[in-house]
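Undergrad: This is the structure I have questions about; it appears just below.
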There are 2 protein chains.
Amino acid sequence: MRPRPGVRPVPQRARPRPEVAALPLYRVAQHAPVRLNRNESPADWPADLKRVVLERVAARAWHRYPEADAAEVRAALARLEGLDPEMILATNGSNEAILGVLLAFAAGGAVVVPVPGYSMVRALAASAGARLVEVPLRPDFALDPGAVLAAADGAASGETAPVVFLASPNNPTGNAFSPEAVEAVVRAAPGLVVVDEAYAAFAGRTHQPLLDRYPHVALLRTASKAFALAGARIGWIVADPEVIGAVRRALPPYTLNVFSLEAARAAAERPDLVAERVRTVVAERERLAGALREVPGVTVFPSDANFLLVRTPLPAPEVAARLLAHGVLVRDVSAWPALTGCLRVSVGQPEEDDRFVAALRRVLEEGA
Amino acid sequence: MRPRPGVRPVPQRARPRPEVAALPLYRVAQHAPVRLNRNESPADWPADLKRVVLERVAARAWHRYPEADAAEVRAALARLEGLDPEMILATNGSNEAILGVLLAFAAGGAVVVPVPGYSMVRALAASAGARLVEVPLRPDFALDPGAVLAAADGAASGETAPVVFLASPNNPTGNAFSPEAVEAVVRAAPGLVVVDEAYAAFAGRTHQPLLDRYPHVALLRTASKAFALAGARIGWIVADPEVIGAVRRALPPYTLNVFSLEAARAAAERPDLVAERVRTVVAERERLAGALREVPGVTVFPSDANFLLVRTPLPAPEVAARLLAHGVLVRDVSAWPALTGCLRVSVGQPEEDDRFVAALRRVLEEGA
């Protein structure tokens, strides 16, 4: 064993860039009987479907590099989307898609993001060397196209932003933006508009029609939510072939492995299963929201996603810690100024959700 | 189906950065009876070992995100390395490790690379916003520490380079640099020195001892060569915990999936199998080199890797094309000025290598 950290001096000559050094290390609590903190699908894939994928993986050559263009997967995803395969790029989760878009388009410039928003964009923008320009959502969490466009046009800095990054439904607020507001941004944006649609299946609509009219739009997808494949790390970008080509150039080749390629193909081939899961989650979301609204002092915000934003009268870090003592992991999102007192709770299995509601009721009854 | 590329105008507002737009799309020929163009291991994993991995994958929760810190894999790799787990970061192939190091340390600055060298570094440096400073190797492909250090110290630009990137054994030349030359660079480099050891197992030595004395060294490893797992996309970085922490911050979390985590663990647990494969490849490399030296007009360069650099009297693109007509894929590396007439050929199965030698003999006998 070599010396543990701290025993020898910090490397004087190997200083990371200050923007990167300042980032927090990504850590997330993972161990509890009820885990409602990561917006995962509440149920694993059925064993027989896993077998189908694993048989295909077993038959592959593990000692060979995978196909650099992931042609089969792109074709399967293209059929799912009703689009040409040249408009698809499969990535190692949608985080890699975000990094790729920022490296290709935003590095050295600004990326405009409404806030509260997806926290990973902050870190990846710092890593990619892009400057983050945050624009508040309206008090009801609606998108403010005028404010976004003013920021993108460089009202403050005098420099137009090469990328506007939206998520709809938005995380952690849970609401989908109105199609009109999103199109207003797209119509007048000075650069690429990225719409992260990680949760779109739960809203029942997509911004895909924008692609017919605007070649400067990129949609991000993930298999981690509706497809129940967070463990397989699969995302994809849907965009004009020119945009796809630029992101391919910015990322390493071969970022999907023999397993994620087969899992992506299997998932794309079974939209029926995904639709059924989405219906189940949406119905359970409404049941959970109803149960939470009966808890005194709790505000439940409208959700188009697979999670709920919930405000309680007590400080959110304390509520989260006390819920964990009851065996329930939720996400404290109260560090966003607009989200004081707020928790983000994934829609789980009914019995998990019941346990969460009971625990929350008890925590609030016990008071501060 | 939506319009194919070219039907609608190029997006005017979504222009990628010129450095990225100028990159070639990564393409590699993949279909031929004998594939000796990607330095892969010549044989797949045995079926029973695949089964062990796939049973573990089947038992995992695919709908959950993997462990963000990949703790089990880091522990297994740390045992393999004889180091502390905090000195290890597992990545989605070593290409992601290169991108992560460049994003954390080099973006906005220079990265010094000896040439001929690993072509992927060029592309990833452009993507990461780092300026590439190329320093020629000596005529015998040895490292020239004085030239590398002069470039790193900014002799030409007046600006010191935050990263020096070496690969030893070097690709595509195949030779390992002398430990003294590498240490001379490390001792005086103004920033981080990355040593890509993708092929070190075939040289029978590693620069790991440098880590005892120099905290500004990062070694890159891959499971794609000696471990025969190119299809699983597994790499890792070995470095001071401070360096590891910086690269973790620069990359997205969760870049290994449930399969690559299990494959990495299984590989790390069986160094005996890897050592046996390495012995086989090294013996076959020497046999192949001997056979090639008997082909009139052919020069075979000394190799410490799992491939050979070969020069023939005919133009390399033509030789490669004619070999492919005989069913043998090799890599034309003659675009490097120092490598006129050169091909890079992976060590394959004995019958594949025999077929390559016979085809080469025939191509050269037929002449230009």
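Undergrad: Residue separation times 0.36 nm, minus the C-alpha to C-alpha distance between B:Ala47 and B:Arg270: what's the value?
TA: So the extension gain works out to 78.8 nm.
Undergrad: Could you sort the peptides A:68-75, A:251-258 by per-residue average Cβ neighbour count (10 Å cutoff), highest mean leading?
TA: A:251-258, A:68-75
Undergrad: From largest to smallest, what semi-axes in whole angstrom does the range B:47-269 give when each is the square root of 5 times an eigenvalue of its alpha carbon gyration tensor?
TA: Equivalent-ellipsoid dimensions as semi-axes: 31, 18, 15 Å.
Undergrad: Just which residue of chain A brings its Cβ nearest the axis of rotation onto chain B, and by how many angstrom, rounded whole?
TA: A:Phe259, 2
Undergrad: Could you compute the FRET efficiency for B:Glu351 and A:Ala283, with r as their C-beta to C-beta distance and R0 at 51 Å, rounded to 0.05?
TA: 0.30
Undergrad: Also: Once the label point is placed 7 Å from Cα along Cβ, list for B:Glu159 the distances to the corresponding points in the other copies, in nm, shortest first.
TA: 1.4
Undergrad: Given the rule -39500 (n - 2.57) for each run of at least 4 DSSP H residues, summed and divided by the residues of chain A, what is its mean residue ellipticity at 222 nm, to the nearest 500 deg cm²/dmol?
TA: About -11500 deg cm²/dmol.
Undergrad: Got a sec to turn the phi values of the range A:94-102 into Karplus ³J(HN,Hα) couplings, 6.51 cos²θ - 1.76 cosθ + 1.60 with θ = phi - 60°, whole Hz, x for Gly and Pro?
TA: Per-residue couplings from phi come out as 6, 4, 5, 5, 4, 4, x, 5, 5 Hz.
Undergrad: Among A:Asp272, A:Asp354, A:Asp196, which one moves the most in a GNM of chain A with springs linking Cα atoms closer than 10 Å?
TA: Judging by the Gaussian network model, the answer is A:Asp272.
Undergrad: Pick from B:Ala78, B:Ala126, B:Ala22: which residue has the top mean-square fluctuation in a GNM of chain B where Cα pairs under 10 Å get a spring?
TA: The residue with the greatest mean-square fluctuation here is B:Ala22.
Undergrad: Label-to-label distances across copies for A:Thr280, with labels 7 Å out along Cα→Cβ, in nm, shortest first?
TA: The answer, with the shortest distance listed first, is 4.4 nm.
Undergrad: Where both partners of a DSSP beta bridge lie in the range B:47-269, what percent of those bridges are antiparallel, to the nearest 5?
TA: Here the antiparallel bridges make up roughly 35 percent for the range B:47-269.
Undergrad: Taking every pair of alpha-carbon atoms in the protein assembly as shown, what share in percent sits in each 10 Å bin, from 0 to the bin with the longest distance?
TA: P(r) over the protein assembly as shown, rounded to whole percents: 3, 14, 23, 26, 19, 10, 4, 1, 0, 0.
Undergrad: Follow-up. Please check: in the Gaussian network model of chain A (C-alpha springs, under 10 Å), which one of A:Val281, A:Val148, A:Val298 has the largest mean-square fluctuation.
TA: So, out of A:Val281, A:Val148, A:Val298, the one fluctuating most is A:Val298.
Undergrad: Moving on. To the nearest 0.05, how large is the calculated FRET efficiency for A:Ala156 and B:Gln12 if R₀ is 30 Å and r is the Cβ-Cβ distance?
TA: Efficiency computed from Cβ-Cβ geometry: 0.80.
Undergrad: I would also like to ask the following. So what is the relative contact order of the range A:47-269, in percent, for Cα pairs below 8 Å that sit 6 or more residues apart?
TA: 27
Undergrad: What is the dipole size for the range B:47-269, taken about its Cα centre, with +1 at each Lys and Arg Cβ and -1 at each Asp and Glu Cβ, in debye to the nearest 20?
TA: Magnitude of the dipole: close to 600 debye.
Undergrad: Here's something else I'd like to know. Search the structure for amide H atoms under 5 Å from the amide H of B:Tyr214, placed 1.01 Å from N in the peptide plane, and list their residues when 5 or more places away or on another chain.
TA: none
Undergrad: Work out the FRET efficiency for B:Glu72 and A:Ala188 from their Cβ-Cβ distance, taking R0 = 51 Å, and round it to the nearest 0.05.
TA: 0.55
Undergrad: Inside 10 Å of the C-beta atoms of A:191-197, what's the mean count of C-beta atoms belonging to other chains?
TA: Counting Cβ atoms of other protein chains within 10 Å of each residue's Cβ and averaging gives 2.
Undergrad: If each of A:Ala325 and A:Ala58 carries a label point 7 Å out from its Cα toward its Cβ, how far apart are those two points in nm?
TA: Result: 4.9 nm between the two label points.
Undergrad: In sequence order, what are the phi-derived ³J(HN,Hα) couplings for the range A:136-153 according to the Karplus relation 6.51 cos²θ - 1.76 cosθ + 1.60 with θ = phi - 60°, rounded to whole Hz, with x for glycine and proline?
TA: Residue by residue, the range A:136-153 yields x, 6, 5, x, 8, 6, 6, 6, 10, x, x, 5, 5, 5, 4, 5, 5, 7 Hz.
Undergrad: Moving to a separate point now. Quantify how strongly other chains surround peptide B:255-263 by giving the mean number of their Cβ atoms within 10 Å of each of its Cβ atoms.
TA: 6
Undergrad: In debye, nearest 20, what is the charge dipole magnitude of the protein assembly as shown about its Cα centre with +1 on Lys and Arg Cβ and -1 on Asp and Glu Cβ, if you could check?
TA: Charge dipole, the protein assembly as shown, about its Cα centre: 0 debye, nearest 20.
Undergrad: Among B:32-42, A:227-237, how do they line up by average Cβ neighbours within 10 Å per residue, starting with the highest?
TA: The packing order, highest mean first, is A:227-237, B:32-42.
Undergrad: Take B:Glu365 and B:His31, extend 7 Å from each Cα along the Cα→Cβ direction, and tell me the distance between the two endpoints in nm.
TA: 3.0
Undergrad: Within a 10 angstrom radius of each residue's Cβ in A:53-62, how many Cβ atoms of other chains show up on average? Whole number is fine.
TA: That works out to 6 on average.
Only the coordinates and a few stated rules stand behind these numbers; no lab work does. No experiment lies behind these values; they were computed from the predicted model shown. Positions of Cβ are generated from backbone atoms using ideal geometry, with glycine treated the same way; all protein chains shown enter the neighbour counts.
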